[in-house]
1. Ranked by accessible surface with a 1.4 Å probe, highest first, in what order do Lys109, Lys87, Lys253 come?
2. Name the residue, out of Pro97, Pro231, Pro53, whose mean-square fluctuation peaks in a Gaussian network model built on the chain with Cα pairs under 10 Å.
3. For the pair Asp184/Glu98, report the inter-label distance in nm, with labels modelled 7 Å from Cα in the Cβ direction.
4. Using a Cα-Cα cut-off of under 23 Å, which lysines could be cross-linked to Lys87, ignoring same-chain neighbours fewer than 8 residues away?
5. If you take the charge dipole of the chain about its Cα centre, with +1 on Lys and Arg Cβ and -1 on Asp and Glu Cβ, which of Thr147, Leu13, Pro207 is farthest toward its positive end?
6. So, with +1 on the Cβ of K and R and -1 on the Cβ of D and E, and no other charges, what is the size of the charge dipole of segment 28-327 about its Cα centre, to the nearest 20 debye?
7. Once ligands and nucleic acids are excluded and a 1.4 Å probe is used, how much of Phe5 is accessible, expressed in Å² to the nearest 10?
8. Specify which residue in the list Leu124, Leu327, Ala31 is farthest towards the positive end of the charge dipole of the chain, using unit charges on the beta carbon of Lys, Arg (+1) and Asp, Glu (-1), about the Cα centre.
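The values are calculated or read from the model by the stated rules, or taken from the named source; none is laboratory data. This structure is a prediction, so every number in the text was calculated from the model and none was measured. Positions of Cβ are backbone-derived with ideal geometry, glycine not excepted, and every protein chain shown enters the neighbour counts. Surface areas here come from the heavy atoms of the whole protein model, side chains and all, with no ligands, DNA or RNA. Shrake-Rupley method; radii C 1.70, N 1.55, O 1.52, S 1.80 Å.
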Amino acid sequence: MSAEFPVARPRRLRRTAPLRRMVAGTRLHPAELILPMFVKEGIAEPAPVGSMPGVVQHTRESLRKAAHEAAGAGVGGVILFGIPAVKDGRGSGADDPEGIVQLALADLKSEVGDDLVIMADTCLDEYTDHGHCGILTEAGEVDNDLTLERYAAAAVAQARAGAQVIAPSGMMDGQVGAIRAALDADGHAEIPILGYSVKYASAFYGPFREAAECAPQFGDRSAYQQDPAGPIGEAMREIRLDLAEGADAVMVKPALAYLDVIHQVRELVDVPVAAYQVSGEYAMVEAAAANGWIDRDRVIMESLIAIRRAGADLILTYWATEVARRLA
Ligand code: PBG
């Protein structure tokens with residue numbers, strides 16, 4: 001009998017939408033989504049980012065509005081990137097109390113700080129004139145330990161301004177420990193650190209560099225970000241080190257091309273794991289959809305489900321507000 005007619009029929013549980021909904025193993029919730037936002041000093045109107053249709057560099061005013069929309073949709077948090085009017089070798093804008101990101105963090109803290117989590121990306125590349133994530137030596141290399149001092153100062157300035165989570169993204173050795181010590185010494189022992197622990201030197205960041213105006217003026221970031229072909233143990237080592245230095249949550253970035261890494265990190269740790277669906281992942285979908293080549297909304301949901309299924313507890317995505325609304 002069973003040779004001709006199968007007994008096991010997995011299709012039974014797929015037959016209707018309620019059945020599929022009931023047995024779904026992977027679900028998305030708005031609170032797990034984090035919206036990355038850009039705020040630029042000295043512009044009168046929001047400036048569209050050409051390679052990321054739908055994403056803008058905000059004014060302080062439009063940033064507040066967009067943050068309210070995110071909060072209204074139930075998004076879990078926002079992460080802020082600042083673009084100063086003037087850049088220099090040491091990235092002075094990063095820890096200037098009057099710097100654009102500090103002013104914008106204070107705006108967000110007072111307006112939506114009780115409704116969602118205000119996070120700050122801590123790095124120097126948006127603030128340096130050379131576009132690298134740290135302080136350069138004479139030879140043009142990023143000096144790890146001099147850079148740590150700058151990250152510590154930037155994190156303290158962000159915490160004082162109202163940041164509720166600090167997220168160091170520069171991939172310097174010891175950055176979590178240096179920032180933890182500086183935050184504690186300045187009275188911010190309660191502020192969690194979300195480490196960009198596993199961050200690959202990825203071509204998927206291309207559109208972000210237009211959005212944040214931070215393309216390196218020479219060379220690339222391969223000497224500090226991880227090699228996409230590097231050993232998987234290197235990723236695990238970065239995670240362990242960040243946890244030992246006091247990270248409260250860890251991140252893998254980019255997301256879609258590194259689902260295996262997300263999965264392995266999830267198995268290794270007992271803290272929340274975040275994944276960053278980066279600018280290039282966003283741009284590819286928007287570009288293909290604009291050409292009518294894919295079903296935009298379904299591809300967005302499918303990619304987020306894949307990231308969630310791989311093991312991410314939190315997802316940073318430029319579609320956070322839109323998707324949160326769709327999930328409501
Ligand atoms: C560095 C930083 C980058 C991104 C987030 N933080 C760019 C880089 O490392 O070159 C990329 C995010 C994206 O592509 O969406 N401060």
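1. Of Lys109, Lys87, Lys253, the descending order of accessible area is Lys109, Lys87, Lys253.
2. Pro231
3. Result: 3.4 nm between the two label points.
4. Within the straight-line cut-off, Lys87 pairs with Lys40.
5. Leu13
6. Here segment 28-327 has a charge dipole of around 720 debye.
7. Its accessible surface works out to 130 Å², give or take rounding.
8. Toward the positive end, the furthest listed residue is Leu327.
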